[in-house]
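Remarks on the structure that follows.
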Amino acid sequence: MSASQADPVPETKKSGSVLDERSKFMLGRVLTYGILVLAVVLIVFPMYWMISISLKLPREIYRTPSLWPQVFTLENYRILIADKGFLRPILNSLLVSTVVTVISVLISSFAAYSMVRFRYRFKGVIGRIILFAYLTPTSLLFIPLSILMARLQLGNSLHGLILVYLTFSLPLSTWLLQGYFRGVPRELEEQGMIDGLSRLGALLRIVLPLSAPGIAAVSIFTFTGAWNELLLALVLVTSETERTAPLALNYLITSDVLPWGPLMAGAVISSVPLMVLYFIAQHFMVQGLTAGSVKG
Amino acid sequence: MAKLNLNNVRKSYGKVPVIHGVSIDIEDGEFVTLVGPSGCGKSTLLRMIAGLEPITGGEISIGDRIVNDLAPRDRDIAMVFQSYALYPHKNVADNMGYALKLAKRPQQEIERRVNEAAEVLDLTPLLGRKPAQLSGGQRQRVAMGRAIVRDPKVFLFDEPLSNLDAKLRVAMRAEIKELQHRLKTTTVYVTHDQIEAMTMADRIVVMRAGIVEQVGRPLELYDSPSNVFVASFMGSPAMNLITGSVAEEAGKFEFVSEGGARLPLDGSVPAKRRDKLVLGVRPEHISLVDAGTVNSFTSKVVVTEPTGAETLISSRIGSTEIVVAVRDRFEVAMGDEAQFAFNFERLHYFDAENGQRLS
Ligand SMILES: Nc1ncnc2c1ncn2[C@@H]1O[C@H](COP(=O)(O)OP(=O)(O)OP(=O)(O)O)[C@@H](O)[C@H]1O
Ligand SMILES: [Mg+2]
């Protein structure tokens, strides 16, 4: 960069400095792309490996690992779906994750709104408790929770699972949304109320749309958490019909036999909903939604 | 359009009282400005009228309806916030038409009224833009437009011009005044700028620390402020206030300031003359006179500040610094002695104890 300022080289004079500028630029480009490609490979390769294994025949999987399947087959998928009944767990997982996400966003929106806009006693304490609840490790809680669910007659059911997942997702959702709601100027809501909205209307039609990135983030986080969760499901769910996807995959492993083909096929199927969700949510992750609303 | 009455309105935040019983009666179509120093409760009062702040005590009525317990949307008011508060996710037209849309007016009518308002405020080319793509002055006009499309009973303005530069502010001042005149909508306009208050209002309410100090027409407040606070608040440069007492000697009156300076007065001094008083005189009611003029006094010039139209001379009377505004060009250097005279008809006397006007 500094070279261009230092010597304004006339074209006649044969000098490396013009070329230097160019090659520096090229070098920068090469480095940038090189590192990016490296990062992409690091991230994408496991996914590629997962997909390619899911398309290989068993003999090929267990013999020499090749990058590209010699014979493409959907046999693994057939085994998984037809023989192992994997659709049921997928549907269970979809149900649980969606319900947890929707309820979580709803409740945490109201909770966060109240923490941000209203003044009441012990608000600070409640806020800290919420954060504290989030910081408590799952491994400390799964036994008490399973006992609690059993007492509530909710053991071994998706309802119970939903309830348990909510206890983990709500604190963080509330805490995250608070930050986004604080970014919406109070006057905007007040203007809304003067224009004819009720307080609830102002929350739904002004605060929430302007906190769309927050809602998207919270949805992703909650959905992914519920979708991938294994430990609590393992403890809480015993019957086959109530299994979630991670749990069903886990049960594919019998003693020390790892059926890699169907396992990877299951992993591929399980990733699809998350990818769709991320793709949708990405549209809402825009910055600066409140720009221009207040001040000049 | 409607009248607006505040009856002994009070507000406390927790145990802290902020508004201590304010009563104001505003006529239908009147333009009232609310002035006072920062933190005196202007915004709070306005927000109480809007319904954004619960009322601790007293009564607010719009038209003949008590609105204490009505939600903002049921009060039929329009408000312009200091920060404009434009909906960032809606374009200018939707910002302006939002209230009408919520009121379920037909689309055609909304469009017509938005276009009319945009026409008035020169916003027509900007109707499709988002607030982020507007300048400060344009945002201000959108906020204004949003209020006028509504045709509400009352306009509430909370320092709508304070984010604008000086030139734009003067222009908008005139525009708002003209607009209000045409629409004849009852208006409460908060400002801490006393010039804005003076130039725009039919009547001014001067507030201090949650109390109304005086209500009156601009020139009324200017000519006979009811206490020292109003006297010093209204007018720029501010009224000179000199503490001292009146002395009488052989039928001649003199004001003896705290620093010992003696200023000649005429006979129109107030009754309680032996007590400590505050003499108030506006800068433009002191003039430069030739040496030897009767009822004049000599004083040293500390600073002169020519502003073009007039020149401000700072001088010292006893321990008090006074400012004199003269319109004629003249040559006095700093440090010179000059001869001054009061315009006796324009002197104000206040009780030094409680600051109230004496007459
Ligand atoms: N939410 C609140 N809680 C406690 N006190 C408040 C609150 N809002 C305002 N106050 C206090 O009420 C008083 C009046 O505030 P207000 O905003 O009405 O002043 P203002 O006259 O509009 O001032 P400015 O000219 O600076 O806008 C201030 O002393 C302020 O500290
Ligand atoms: Mg204010």
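Which of (1) at pLDDT below 90; (2) outside any helix (DSSP H, G or I) is the odd one out, the single condition B:Met172 does not satisfy?
(2)
State yes or no: is B:Gln180 within 16 Å of ligand 2 (Cβ to nearest atom) and more than 14 Å from chain A (Cβ to nearest Cβ)?
In short, no.
Which one is farthest from B:Val149 (Cα to Cα) among residues in region B:38-91 that are more than 16 Å from ligand 2 (Cβ to nearest atom) and among the acidic types (Asp, Glu)?
B:Glu59
Among the residues of region B:268-315, write down those that are without any contact (Cβ under 8 Å) to a residue 24 or more places away in the chain and closer than 27 Å to B:Asp351 by Cα.
B:Ser314
Looking at (1) more than 23 Å from B:Arg316 (Cα to Cα); (2) within 16 Å of ligand 1 (Cβ to nearest atom); (3) not polar (S, T, N, Q), can you tell me which one B:Phe229 breaks?
Unmet for B:Phe229, out of (1) more than 23 Å from B:Arg316 (Cα to Cα); (2) within 16 Å of ligand 1 (Cβ to nearest atom); (3) not polar (S, T, N, Q): (1).
Go over the candidates B:Ile60, B:Ile55, B:Ile49 one by one and state the one that is under 28 Å from B:Ala197 (Cβ atoms) and in contact (Cβ under 8 Å) with a residue 60 or more places away in the chain.
Going through B:Ile60, B:Ile55, B:Ile49 in turn, the sole match is B:Ile49.
Considering only residues that are assigned to a helix (DSSP H, G or I), surrounded by fewer than 24 Cβ atoms within 10 Å (Cβ to Cβ) and either within 13 Å of another protein chain (Cβ to nearest Cβ) or on the phi > 0 side of the Ramachandran plot (or both), which ones fall in region B:100-139?
Result: B:Leu100, B:Lys101, B:Leu102, B:Ile110, B:Leu126, B:Ala132, B:Gln133, B:Gly136, B:Gly137, B:Gln138.
Out of B:Asp76, B:Asp69, I need the residue that is in contact (Cβ under 8 Å) with a residue 12 or more places away in the chain and away from ligand 1 (no atom under 16 Å from the Cβ). Which one?
B:Asp76
Working carefully through the options A:Leu177, A:Leu145, find the one that is under 19 Å from A:Leu247 (Cβ atoms) and touching a residue at least 60 places away in the same chain (Cβ under 8 Å).
Being under 19 Å from A:Leu247 (Cβ atoms) and touching a residue at least 60 places away in the same chain (Cβ under 8 Å) holds for just one of A:Leu177, A:Leu145, which is A:Leu145.
Just one of A:Ile103, A:Ile107, A:Ile126 is in the same structural domain as A:Leu232 (by TED's automatic domain parsing), over 26 Å from A:Tyr251 (Cβ atoms), without any contact (Cβ under 8 Å) to a residue 24 or more places away in the chain and assigned to a helix (DSSP H, G or I); which is it?
Every option except A:Ile126 fails the conditions.
Among (1) assigned to a strand (DSSP E or B); (2) touching a helix residue (DSSP H, G or I) at 6+ places or on another chain (Cβ under 9 Å), which single condition is B:Val246 missing?
(2)
What are the pairs, 6+ residues apart or on separate chains, where a residue within region B:183-196 that is assigned by TED's automatic domain parsing to the domain that holds B:Leu161 and in a loop (DSSP other than H, G, I, E, B) has its Cβ under 6 Å from a residue that is within 12 Å of ligand 1 (Cβ to nearest atom) and of a type in the set (Lys, Arg)?
Once the first residue is assigned by TED's automatic domain parsing to the domain that holds B:Leu161 and in a loop (DSSP other than H, G, I, E, B) and sits in region B:183-196, no partner that is within 12 Å of ligand 1 (Cβ to nearest atom) and of a type in the set (Lys, Arg) comes close enough.
If a residue counts only when it is closer than 30 Å to B:Ala143 by Cβ and within 14 Å of chain B (Cβ to nearest Cβ), which helices (runs of 4 or more DSSP H) contained entirely in region A:169-273 have at least 3 such residues?
Filter on region A:169-273 gives A:186-195, A:199-202, A:212-228.
Can you pull out the residues in region B:1-37 that are within 16 Å of ligand 2 (Cβ to nearest atom) and within 14 Å of another protein chain (Cβ to nearest Cβ)?
The answer is B:Tyr13, and nothing else.
With the structure loaded, tell me whether B:Ile195 is farther than 25 Å from B:Ala2 by Cβ and either within 16 Å of ligand 2 (Cβ to nearest atom) or away from every other protein chain (no Cβ under 11 Å) (or both) or whether it fails that test.
yes
Let's see how each residue does on (1) assigned by TED's automatic domain parsing to the domain that holds B:Thr187; (2) under 23 Å from the mean Cα position of the chain (by Cα); (3) surrounded by fewer than 14 Cβ atoms within 10 Å (Cβ to Cβ); (4) not in a helix (DSSP H, G or I):
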site	(1), (2), (3), (4)
B:Ile24	yes, yes, no, yes
B:Pro37	yes, yes, yes, yes
B:Ser43	yes, yes, no, no
B:Ile49	yes, yes, no, no
B:Ile55	yes, no, no, yes
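Looking only at region B:339-357, which residues are over 22 Å from B:Thr293 (Cβ atoms) and surrounded by 16 or more Cβ atoms within 10 Å (Cβ to Cβ)?
B:His348, B:Tyr349, B:Phe350, B:Asp351, B:Ala352, B:Gly355, B:Arg357
The values are calculated or read from the model by the stated rules, or taken from the named source; none is laboratory data. Please read all numbers here as calculations on a predicted model, not as lab measurements. Because the Cβ atoms are built from the backbone with ideal geometry, glycine has one as well, and the counts that use them run over all protein chains shown.
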